[in-house]
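Structure, as structure tokens:
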Amino acid sequence: MTIKRVTRAILFGLVSGLTIIGGAMAATGNIDPVHKWAWSSRAGWFNFNPTHGGVTVYDDHLEGYAWAENIGWVRLGSYSGGEPYTYANTSADTYGVNHDGHGHLSGFAWSATAGWLNFNPSHGGVSIDPATGVFDGYAWGENIGWVHFKNDSPAYNLVTLWRDASLDSDGDGLPDSVEGAADTDGDGMPDYLDDDDDGDGIPTIDEGLTDTDGDGAPDYLDEDDDGDGIPTIDEGAGDSDGDGIPDYLDATDDGAAVYLPLIAK
């Protein structure tokens, strides 16, 4: 444990001092409103999206408060500015849960009732699936034992809206955060896992974010990339007129001019 021992009285004052008069804290966070639970056999349910609190997952750290039914507020870190930050975990005002940006958590949360909660203990650890935001694993509380973040039966889990902005699950050159979970071509596969998002026969990695015909739809989501009235799936990647431009991007496939329709502005 890297953090220095400090008296609970000092930290209780630190936490309580940030509590709004009347016992309520401003609602905040990016935790799913339904999938918001972790469980401890000693401390009961942990709610990471309570009515008067909330936890936010950032690329480099966590902030905010969870509510545990038997021990009260659990603070995920001493910082609350929402800017890039890394907790040193060496004193009463530098503790907190760090995040490596790819779903791996470390560091400490604090409860005035139950003490330290270690998110990267020797025989456990907590992680976030960078593609789905689902937490998994175990944290260790010095006075409450294990806190479990995902279970099949009884079913409970904790999900954040955070995603790894650099993740490209389907390897098509576009981050999952750009493609998202929509299913553009209706093939039953979300775009972030689909190597041909619009189902036009041209891989997403070849079409990319370029908007060839200027219609506001990037080629990887455009059924007619060059706007010549012929669907991309029918034109294909051949080069009919030998001009070095594949037909699906060539408005004059046969060498004769085909004028693109004017795009209303």
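The values are calculated or read from the model by the stated rules, or taken from the named source; none is laboratory data. On a predicted model such as this, the values are computed, not experimentally measured, just so you know. All Cβ positions, even for glycine, are placed from backbone atoms using ideal geometry, and neighbour counts span all protein chains on display. The accessibility values were calculated without ligands, DNA or RNA, using every heavy atom of the protein model including side chains. Shrake-Rupley method; radii C 1.70, N 1.55, O 1.52, S 1.80 Å.
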Is it possible to state the helix-based mean residue ellipticity at 222 nm for the chain, with each DSSP H run of 4+ residues giving -39500 (n - 2.57), the sum divided by total residues, to the nearest 500 deg cm²/dmol? What is it?
-1500 deg cm²/dmol
Compute the distance in nm between two label points, each set 7 Å from the Cα along the Cα-to-Cβ direction, one at S91 and one at S240.
7.3
For D152 and D206, FRET efficiency with R0 = 30 Å and r from the beta-carbon atoms, rounded to 0.05?
0.15
Checked the range 92-166 with the C-alpha gyration tensor, a ≥ b ≥ c its square-rooted eigenvalues, rounded below a/c of 1.5, otherwise prolate if a/b is larger than b/c and oblate if not; verdict oblate
Regression test value, accessible area per residue of the chain, probe 1.4 Å, units Å², expected 49
Carbon and sulfur: what percent of the chain's accessible surface (1.4 Å probe)?
56
